[in-house]
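Peer 1: Quick one: the structure is below, and I'll ask about it shortly.
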Amino acid sequence: MCYLALLIGLQYNKNAFYTAPGQRVRKQKTEEQIAEEKLQEDLKSDSWIVRWGAKVRTKEFKKKMTWYYIGCYILFLLFGYKYMRGVYNKEKEVEAISQKQLSHNTSEYDELRFKELTGKLRRRDELKLAEYNKLKEQGVEDFENVKVDIESQNTSNQSILPARDTTPFYDDKAEEYDSEINWEEKMVFMGRRRKWLMKHCTGDVLEVACGTGRNVKYLDMTQIHSITFLDSSSKMMEIANQKFREKFPTYKNAAFVVGRAEDLVELAQDKTKKNELLVKDIDDNKLQVTDASTNIKYDTIIEAFGICSHEDPVKALKNFSTLLKPGGRIVLLEHGRGEYDFINNILDGRAEKRLETWGCRWNLDIGEILDDSGLEITEEKRTHLGTTWCIVAKRKDDSKKKEEIGFVEKYISPGIQKRVKEVYNNADTGKK
């Protein structure tokens, strides 16, 4: 039976094994042959995209690409070597200047060069460094007793209007201030920046130029021991006071001071002054005059868009430094000159209109003011094309916190690693 079934199957499938007399047998094409035919067909295509795609698949092109890859790799090694050598030389120069800084033996040129190497050069610094480079071209090498004078950008720029006392302006503006500024801040998502500002509030806090209390809703009172609000406008202070009491009706360690940032140290030291400190009476909902606050030192001093309205912003920042506790931080949210000339031209062109509308000089060089104040920046971020400045600063004699020491300082430079260890030891000693 099995033999019979096999014969039937062979008879049924004879076409698979036998061909008719004279019939040609076609050999089955391999995948390589099919691919080659497709390649030749694509090379003759009317579409240039198909022709170029086919050319890339040819053996000749692939051979050329091998040499191209080898050439690119050699160039990568050469440029990589050059780049790493530059990084090494830059790091050695930074380390050398750092050693000078530890011994307080740096010239102004050294400080400018350090800023340039660490990416912290500001506009006025660029102008100064350009003058030093001219002196170097003339053969001058020792800058120990050389100092280049460059006029302040905030005074030499005629588009930056003179400072003035803005207290009367904000007294008149207080009632409609929030409703008019709301739309502008929502358009640029300023709420996110205000949240960033207020998350730094810890311990005893002082908010300068608090205005109508636009930052009150972002306060986290669990991190705050006491808070003092300062503003030169009594009208705005009343609104800020009301907002705070509505949000935190039972909180007791809050003070509301009417005064200028330029007079901050005097306000803190003179406890006999009247009409300076206003505290909300929760029972009869009235403002009452009391003595000055006993919190004359602060863990955190914050300010949002106040530098542009101060008569003397440098003095104001120096006052902040004076009233800062050891290890304390000054946190600023400000607007000023941007990172691009076309933006600064717009700010300059609308400077007078801005002063009339909002009472602020929005085209100030904030970086220059910070440098003149003597503060050391531990964090600097800029948004909105560089016009919004987010700054965390400390006194120069205070150590950095561990979270403020960057990756390069921690892991790359051996010379700076030594300084990091010293910072850690000082921080641990301070905690003890």
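The values are calculated or read from the model by the stated rules, or taken from the named source; none is laboratory data. Only a predicted model underlies this, so the values are computations on that prediction, with no experimental measurement involved. Note that we place each Cβ from the backbone using ideal geometry, even for glycine, and neighbour counts take in every protein chain shown. Remember, those area values only see protein heavy atoms, side chains included, never the ligands or the DNA or RNA. Shrake-Rupley method; radii C 1.70, N 1.55, O 1.52, S 1.80 Å.
Peer 1: Show me, bin by bin at 5 Å from 0, the whole-percent P(r) of segment 60-153 based on Cα pairs.
Peer 2: Percent of pairs per bin, in order: 3, 11, 15, 16, 15, 9, 7, 6, 5, 5, 4, 2, 1, 0.
Peer 1: Next up: Probe 1.4 Å, all protein chains in place: accessible area of H384 in Å², nearest 10?
Peer 2: 60
Peer 1: Counting only protein chains, not ligands or nucleic acids, how are D372, D172, D231 ordered by accessible area (probe 1.4 Å), most first? Don't jump to the answer; show the numbers that get you there.
Peer 2: On the way: D372 65, D172 120, D231 15 Å².
Descending accessible area places them as D172, D372, D231.
Peer 1: Short version: ³J(HN,Hα) in whole Hz for each residue of segment 377-391, in order, from phi by Karplus 6.51 cos²θ - 1.76 cosθ + 1.60 (θ = phi - 60°), x for Gly and Pro, what are they?
Peer 2: After applying 6.51 cos²θ - 1.76 cosθ + 1.60, I find 7, 9, 8, 9, 10, 10, 10, 6, 6, x, 7, 9, 9, 10, 10 Hz.
Peer 1: Tell me which residues come under 5 Å, amide H to amide H, from T387 once H is placed; ignore anything under 5 positions away on its chain.
Peer 2: For T387, the qualifying residues are E339.
Peer 1: Ignoring ligands, DNA and RNA, how do F76, F248, F229, F342 rank by accessible area with a 1.4 Å probe, largest first?
Peer 2: I get F76, F342, F248, F229, largest accessible area first.
Peer 1: Top to bottom by accessible area (1.4 Å), largest first, where do D42, D171, D149 land?
Peer 2: On the way: D42 20, D171 45, D149 135 Å².
Final ranking, largest accessible area leading: D149, D171, D42.
Peer 1: Enter the accessible area of K401 (Å², nearest 10), with the probe set to 1.4 Å and all protein chains included.
Peer 2: Taking all protein chains as shown, K401 has close to 80 Å².
Peer 1: Local charge sum around H104 (other residues, Cβ-Cβ under 14 Å, Lys/Arg +1, Asp/Glu -1)? The partial results should precede the final answer.
Peer 2: Values: positive: K100, K396; negative: E108, D110, E111, E144, D397.
With Lys, Arg at +1 and Asp, Glu at -1, the neighbours total -3.
Peer 1: Got the relative contact order for segment 106-216 handy, in percent, Cα pairs under 8 Å and 6 or more residues apart?
Peer 2: Details: 35 pairs, mean separation 25.5, N = 111.
Across segment 106-216, relative contact order equals 23 percent.
Peer 1: Using the Karplus curve 6.51 cos²θ - 1.76 cosθ + 1.60 with θ = phi - 60°, work out ³J(HN,Hα) for each residue of segment 49-63 in order, rounded to whole Hz, and write x for Gly and Pro.
Peer 2: Karplus-based 3J(HN,Hα) across segment 49-63 equals 5, 5, 4, 5, x, 6, 4, 5, 8, 6, 5, 4, 5, 5, 5 Hz.
Peer 1: While we're here: If contacts are Cα pairs under 8 angstrom and at least 6 residues apart, what is the relative contact order of segment 60-153 in percent? Let's see the in-between values first.
Peer 2: Values: 35 pairs, mean separation 24.1, N = 94.
It rounds to 26 percent for segment 60-153.
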